[in-house]
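*Asks:* Please see the structure below; I have some questions.
The values are calculated or read from the model by the stated rules, or taken from the named source; none is laboratory data. This is a predicted model, so every value here is computed, not measured. For neighbour counting, all protein chains shown are included, and Cβ atoms are generated from backbone atoms with ideal geometry for every residue, glycine included. Keep in mind that these areas ignore ligands, DNA and RNA; they rest on the heavy atoms of the full protein, side chains included. Shrake-Rupley method; radii C 1.70, N 1.55, O 1.52, S 1.80 Å.
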Amino acid sequence: MRFTSFRLEEVKKLLGQSPVYSLDFNLDGRGRPTDGVCAVTEKELVIINGQKVNFRCSLDEIGEYTTTQLVGSGAFGIIRNGEPIQLCIFTQDLLNSFAELGKLLDYHRETGIFPEPGEDDNNIRICPKCGSIIPEGTNICFHCEKKGKYLWRVVRLSLKYRWPLLASLFATIAIQLLWILYPYLQGVIIDDYITPKNQDFSQLLVTLGIFLLIPLVIMFMEILNDRCTAKVSMAVGHDLREQLFRKIQEQSMKAITKRPTGEQIKRISNDTEKVQQFVAMYGKEAIVRILATLVILAVMLATNWKLALLVLIPVPLAILATQIIFKYIHRKYRLVWSRFSQSESTLHDILSGIQVVKAYGSEKREIAHYADYSKRFAQSMYRADIFWFLAFPIIGFVATLGEYFYLYFGGQQVLIGALTLGSLVRFAGYVGMIYGPLRWIIQLPRYIAESAVSAGKIYEIIDEKEDVSDRSNPVDLKIKGQVEFQRVNFGYKVYKPVLKDISFTVEPGEMIGIVGPSGVGKSTLINLIMRLYDVSSGCITIDGVDIRDISQNSLRSQIGVVLQETYLFEGTVLENILYAKPDASMEEVIQAAKIANAHNFICKMPNAYNEYIGNKGYKLSGGEKQRIAIARAILRDPRILILDEATASLDTETEKLIQEALARLTQNRTTFAIAHRLSTLRNADRLIVLDKGRIAEMGTHEELLRNRSVYYNLVMAQRQTTKLSKE
Ligand code: ADP
């Protein structure tokens, strides 16, 4: 999905202003391919086809926006003065985007505000400034953003470890200086001892001694350098990983679910690794190597400036050539990055859902699916890398040219006696030192850019503002269990309300069933009680205190949850039950398991409570997993309990055991239960019936049946289905 046209620059020129939303469409009135844009400015809706404005209409005149599915395509239109007008046609893949655009514009019509489009996983966003695609999972356009600022923060973080950092800096500078001294001594040995056939062996020995000492000192310096650098880079990597992980843990569900899990794992592992490399190598080495190159240049110029200039002629050429190539491939690498990210996310998605893949026997399709992404990534990488493969031989060739120059002119000067042989050898050493690191220095912008992008991605999460956070003096409330909703409105996106004007009061210890058609907002209502999201307006109170004033820790530690899809961590049964209360005693755990009707089946396992239940609890049946979850909740002894479809899809025997366990669990606790099968909610004190985001009815099972309204219809519909499935 996207709300910025790929042709943004042209659209801006045509309209003379920046559109608020602009969305490309791709079919003309006869269903033939075209390049069109549907643009919305502050005042108007404009349809551009090719290079022309085909239609414009003031937003005030529009009564409704319509998105219609046609055969194999879709259409977007408006209703003006009661008359429908079809504005543009597009292929199926754009249908969701236009439907979303319609919702954004509906919201604008009602409120006068242009809302920000949602950040869905597949929401392709384009930078409004430069028009390039913003990579998935991030809000940063790495094309426009100043990259240096993120690297500077990494540098500042490294300064926390200033002593090892200084030691490694000192060692690197010493190593470079000693290397520079090396050719100098070579020259001295030739000029002072070998050419004049000087018989003074003792002096030669001393010089040779120094000559030998240099690599020895370099060796020690390298050991020092490597140790200190490793220390700093590992520490910085660790700091960043920890900061990132903490931030992700503290974020609201809204912020966490915005990015695919694979993307978050990548940031914690790959991106911190890249930044770590920057600290270990590129950052410090870059400064030192550039300085060393300048020193060598100065020494060469001082020794024989004419020869030095001759030798150096090809260097700017090499730099220029590679700079041009670099500029070109920069664009190519952006594509590589975005494709890599897509292929990784696909892989993660397939592996997370491997059970479904196997169950549907769709392995072949998934292999083809992943192979497609992987191939696209490989192709883009190959196309980008080709240019590097071009750059290296060019530098190699230029380096040979340099060598040729200095041998030719230098040799000539030695022959006429203008230059000593020692100086020529010294020059040879320096030429090697200039051309050697050239490759490295030319690659440097690429490495630095990569590190900056990674640092940007890390700090983007670390800097993210928390949308659900504690107030400055949050209350630690000892919850009794009265819950009240006061005119609560909520939507995951502002322009798509899910719950509307919800008000009710629940007394401590009451059991409330929440019913309504699928997608009506039952889970959403429960998410709001747990404060996984904050309400858009209105308020929710517990024992009369607004939940936004209660510390999140205090709130959640007193709410227990049993979900249909119980998530068990890798580990033993005991560890999984203890998750609710790590300091509980074994007696407490067994007691909780007994109440949850789980003790018997746990004892039947070979290692009982120490049985290892593997990845996501695959060894256990659905009913067993649920009873472990119930034991977990019992151990926690929450004041408010949430049961989300807790007894769906189980056989009668297991269901009986679970119902029993739940009945014990819900005693004396305020309970909110969602169940598909309405019969399971019969013993609820009251039922809240949701319809179209609002409370349609409230009352006991019998009262609601007597009402013969929404609940009655739901029950009748369900009876009908059950009867049909039994026939
Ligand atoms: P129910 O539990 O009644 O089946 P939900 O509360 O899960 O319904 O969903 C209500 C609406 O909110 C649905 O339209 C669903 O698509 C939407 N929704 C649910 N979760 C999210 C989310 N994390 N982000 C955006 N929309 C969501």
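*Asks:* Exactly one condition in (1) within 27 Å of TYR459 (Cα to Cα); (2) surrounded by 13 or more Cβ atoms within 10 Å (Cβ to Cβ) is not met by ARG246; state its number.
*Replies:* (2)
*Asks:* Against the definition (more than 14 Å from the ligand (Cβ to nearest atom), polar (S, T, N, Q) and open to solvent by less than 30 Å² (accessible area, probe 1.4 Å)), how does ASN553 come out, yes or no?
*Replies:* Values: more than 14 Å from the ligand (Cβ to nearest atom): yes; polar (S, T, N, Q): yes; open to solvent by less than 30 Å² (accessible area, probe 1.4 Å): no.
No, not satisfied.
*Asks:* Could you please give the count of residues in segment 526-563 that are touching a Pro at 6+ places or on another chain (Cβ under 8 Å), at pLDDT 90 or above and under 21 Å from LEU690 (Cβ atoms)?
*Replies:* Number of matching residues: 0.
*Asks:* Shifting gears a bit: Can you run down the residue pairs with Cβ atoms below 9 Å, 6 or more apart or on separate chains, where the first is in segment 340-367 and free of Cβ contacts under 8 Å to residues at least 60 places away in the same chain and the partner is loosely packed, with under 12 Cβ neighbours inside 10 Å and of a type in the set (Ser, Thr, Tyr)?
*Replies:* GLN355/TYR618
*Asks:* Next question. Find the residue count for segment 370-415, including only residues that are open to solvent by 50 Å² or more (accessible area, probe 1.4 Å), of a type in the set (Asp, Glu) and over 29 Å from LEU309 (Cα atoms).
*Replies:* 1
*Asks:* Another question, if that's okay. If you take the residues of segment 529-544 that are within 16 Å of the ligand (Cβ to nearest atom) and more than 16 Å from GLU466 (Cα to Cα), which of them is surrounded by the fewest Cβ atoms within 10 Å (Cβ to Cβ)? Reasoning before the result, please.
*Replies:* Looking only at segment 529-544, we keep the residues that are within 16 Å of the ligand (Cβ to nearest atom), and these are 529-536, 540.
Keeping just the survivors that are more than 16 Å from GLU466 (Cα to Cα) gives 529-530, 540.
Working: ILE529: 19, MET530: 17, ILE540: 21.
Across segment 529-544, the extreme among qualifying residues is MET530.
*Asks:* Take the residues of segment 594-623 that are of a type in the set (D, E, K, R) and modelled with pLDDT under 85: which is nearest to GLY353 (Cα to Cα)? Working first, answer last.
*Replies:* Pass one, segment 594-623, residues of a type in the set (D, E, K, R): 594, 604, 611, 616, 619.
Within this subset, residues satisfying the condition of being modelled with pLDDT under 85 are 616, 619.
Details: LYS616: 12, LYS619: 17 Å.
Looking at residues that are of a type in the set (D, E, K, R) and modelled with pLDDT under 85, I get LYS616.
*Asks:* Quick check: is even one residue across segment 100-108 modelled with pLDDT of 85 or more, out of contact with any strand residue (DSSP E or B) (no Cβ under 8 Å at 6 or more places or on another chain) and in a strand (DSSP E or B)?
*Replies:* no
*Asks:* Among the residues of segment 209-227, is any more than 16 Å from ALA167 (Cα to Cα) and β-branched (Val, Ile, Thr)? So that I can check it myself, show each step before the final result.
*Replies:* Of the residues in segment 209-227, the ones more than 16 Å from ALA167 (Cα to Cα) are 209-216.
Pick out the ones that are also β-branched (Val, Ile, Thr) and you get 210, 214.
Yes, the conditions are met somewhere in segment 209-227.
*Asks:* Six or more apart or on different chains, Cβ under 9 Å: which pairs go from a residue in segment 181-196 that's assigned to a helix (DSSP H, G or I) to one that's of a type in the set (Gly, Ala, Ser) and at pLDDT below 80? Could you list them?
*Replies:* PRO183/GLY432
*Asks:* Now for a different question. So VAL40 fits all but one of (1) open to solvent by less than 30 Å² (accessible area, probe 1.4 Å); (2) over 14 Å from THR4 (Cβ atoms); what number is the exception?
*Replies:* Against the list (1) open to solvent by less than 30 Å² (accessible area, probe 1.4 Å); (2) over 14 Å from THR4 (Cβ atoms), VAL40 comes up short only on (2).
*Asks:* If GLN667 meets every condition in (1) in contact with a helix residue (DSSP H, G or I) (Cβ under 8 Å, 6 or more places away or on another chain); (2) over 20 Å from TYR712 (Cβ atoms) apart from one, which number is that one?
*Replies:* (1)
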